[in-house]
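Here is the structure we will look at.
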Amino acid sequence: MSNHEHNDHLHSIRHSLSHIMAQAVQRVQQADVEIAIWPAIDNGFYYDFLFSPEKQIKEEDLPKVNEMMVKIVKENQPFTRLDLTNDESRYIVHEVLKQQYKAELMEEFMQAGEGISFYLNSIPEQAKDQLLKGVHEEYVTYYEGVTKYFQEKHPTEFAGRFITFLDMCEGPHVETTKEIDPSAFKVAKLAGAYWRGDSNNVMMTRLYAYAFDTKEELKTYLTFLEEAKKRDHRILGQQLKLFTISPLIGAGLPLMQPKGMIMRKEVEDFLWELHEQKWYLRVWTPHIAKLELYQTSGHAAKFGNELFRVKGKEEEFIMKPMNCPHHMQIFADNQFSYRDMPIRYFEPATVYRDEKTGQLSWLTRVRSITQDDGHLFCRVDQIEEEVKWITDIIKEFFGTLGMLGDYWVSLSVRGDDKSKYLGSDEVRDIAEASLEKAAQANDLPYRRVKGEASFYGPKLDFMFKDALWREWQLSTIQCDFNLPERFQLEFTNQQGEKERPVVIHRAIAGSLERFLWIMIEHFAGAFPVWLAPEQVRIIPVADAFLDYAKKLEKMLKAQSLRVSIDDGHESFGKKIRNGELQKIPYLIIVGEKEEKAESVSVREYKTKEQYELTAHAFVEKVKEIRDNRSL
């Protein structure tokens, strides 16, 4: 089976299991539960239900649903498709199913000219009493009525069959439930979900389940989830004291603790080191500007009510949602010729967007977004080389983090809805062609993805995988012919005429808040030495060896290494345990033997190795690992 065929088959299994889940819910929880949507998703599927208040499902009910799903799978129920007229479809949904949310969807499909189809599950009628023993009587009564209708109207398909589930659906499904491995799925959790995602609509109950081809694949995924739980940045961020969320500050406005700020500064310094080598120039811009700036750039219309507005004594300002309009003003205040191009600006700066409170979450989605932002202004014939230089930076940065093994690049171009994008088709065509040519010339593993372009131009989005093989969009290179036009930017070309520059927007780490979240989970809090907030902790076995510990501390600090001494009153074993909980790369133990030999006993967190080195050799080793940013 090819990969494409496998994916199609797995999609059919997950789609079929959503129907099986609904049938199980009707059997064990509520026969006349209102059922809504039921999509297959990346790791399984979900189904939305509206239960009666007295029959509302709870977490403790999920094993019963799972157990019933296993039973249904083993009943070898076929999936039978019926394509019906609009009149009969209306009758079935309103009078047989009696499902209001299906009725709403059905009318929309009909208005769009789409045909209506149904899928039915069934068992042999003579086996009904045996197979449905112990099932709620309401369920049996409900489906006796459904069965009577279909045996009368469609006797060819359902003579001698008892219908166990009916849903309006276009498929695809497996032919029979026996194609599904009953040990390869698991009902996972409950969540609330508004009907059709609209907060003005009723809140429904969403049941999630994981589903795979085999028991082994499910087990692998459940192990992955357990590992992801251990790496949760919300837990590790608190345990390691990296950041703080304060209700007095507000949702989406994280505070960096000293340790978190060390990490953030290390990332920022590394990025500047890489850009300084490519002749970028650092700039700084204020956090607010007049509304007119963003009206000119198009951001006012783009972000709308996501803009934070600031009322001054005499004027109104906007807290900047993007840095690019400010950088345009810096460029505009200079006179450049073709010889000066390209001009490259670099600024790690915080921007602000008034996201909905319900969408905010720790470091994953915030209102204060610090971007490692950069804009370069170049000639059209320089695009290819500039993209190469940015790509070199991206590769070195993520190669250092061990994330370059299986990345790909999305060439994100405009979709069919032209109202979402700035600029003419002609300008867009030039920008897309320029970026694709640059991707080809730089041998990037790219795919053309329609409809994912930014509102002012096409882009290359770099997709990296972390230690758990989760995929994240991090770096981006965006080609922009529009803002130079809007701000009337120009340089003098070789013919002595005024010419518009091209602007290339680029971010390597993206949002530093989001990047810190990914790094915490990628490294599970056990950061490489260069990134670790505390690199070495010295643990004297007794107070008599504090002077030697301080001598070592001085040696390490002389090399700008981050070091502390645990001179507290806890037991030696507890001090070792505390250092391990903080995931400090190196614990060094010193006592009488080490003091006499001017050595240290070393415990490495990642390798769990224990060994002895001279103090000088240890300092040189850690310094080299830090300076090389080794993993």
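Just so it is clear, none of the values below were taken in a lab; they were calculated from the coordinates. From a predicted model like this one, the values you see are computed outputs, not experimental measurements. Note that each Cβ is placed from the backbone with ideal geometry, even for glycine, and that neighbours are counted across all protein chains shown.
Over what distance in Å are the Cα centres of region 327-343 and region 517-536 separated? Here the answer is 39 Å between Cα centres. Placing R0 at 45 angstrom, the Cβ-Cβ distance between Val427 and Tyr194 gives a FRET efficiency of 0.70 after rounding to 0.05. Could you pull out the pairs from Lys265/Lys583; Lys465/Lys623; Lys241/Lys606; Lys265/Lys459 whose alpha carbons sit more than 24 Å apart here? Checking Cα-Cα distances, Lys465/Lys623; Lys265/Lys459 exceed 24 Å.
Region 2-78 and region 254-306 have Cα centres lying 46 Å from one another.
The fewest-to-most ranking of Asp466, Asp372 by surrounding Cβ atoms within 10 Å reads Asp466, Asp372. 3J(HN,Hα) along region 578-593: 4, x, 5, 4, 7, 6, 6, x, 10, 9, 10, 9, 10, x, 4, 4 Hz, from the Karplus curve 6.51 cos²θ - 1.76 cosθ + 1.60 with θ = phi - 60°, whole Hz, x for Gly and Pro. What is the Rg over Rh value, at two decimals, for region 231-323, using alpha-carbon atoms and the Kirkwood definition of Rh? Value, to two decimals: 1.07. Our helix-only sum for the chain, with -39,500 (n - 2.57) per DSSP H run of n ≥ 4 divided by its residues, gives a mean residue ellipticity at 222 nm of -11500 deg cm²/dmol.
With contacts taken as Cα pairs under 8 Å and at least 6 residues apart, region 476-585 reaches a relative contact order of 23 percent. What is the spin-label model distance, in nm, from Asp416 to Glu598 if the labels are put 7 Å beyond Cα along the C-beta direction? About 7.8 nm, to one decimal. Reported to the nearest whole Å, the Cα centre-to-centre distance from region 543-622 to region 131-198 is 64. Here Lys302 is the anchor, and the aspartates and glutamates within straight C-alpha reach of less than 16 Å, apart from those fewer than 8 places off in the same chain, are Glu292, Asp354, Glu355, Asp417, Glu452, Asp480.
Over all directions, the projected convex hull of the C-alpha atoms in region 133-188 averages 5.9 nm² in area. How large is log10 of I(q)/I(0) for region 536-627 at q = 0.13, 0.23, 0.24 Å⁻¹ when the intensity is taken from the Debye formula with one equal scatterer per alpha-carbon? The Debye formula, applied to the Cα set alone, gives -0.37, -1.26, -1.38.
Excluding same-chain neighbours fewer than eight residues apart, the aspartates and glutamates reachable from Lys356 by a Cα-Cα span under 13 Å are Glu306.
Volume per residue for region 3-228 equals 136 cubic angstrom (convex hull of Cα atoms). Contact order, relative form, for the chain: 10 percent (alpha carbon pairs under 8 Å, 6 or more residues apart, mean separation divided by residue count). For region 129-248, the direction-averaged projected area of the alpha-carbon convex hull comes to 13.6 nm².
Diffusion of the chain by Stokes-Einstein, at 4 °C in a medium of 1.567 mPa s and with Rh set to the Kirkwood radius over alpha-carbon pairs, works out to 44 µm²/s. When Val187, Val427 are arranged by Cβ crowding within 10 Å, least crowded first, meaning fewest neighbours, the order is Val427, Val187.
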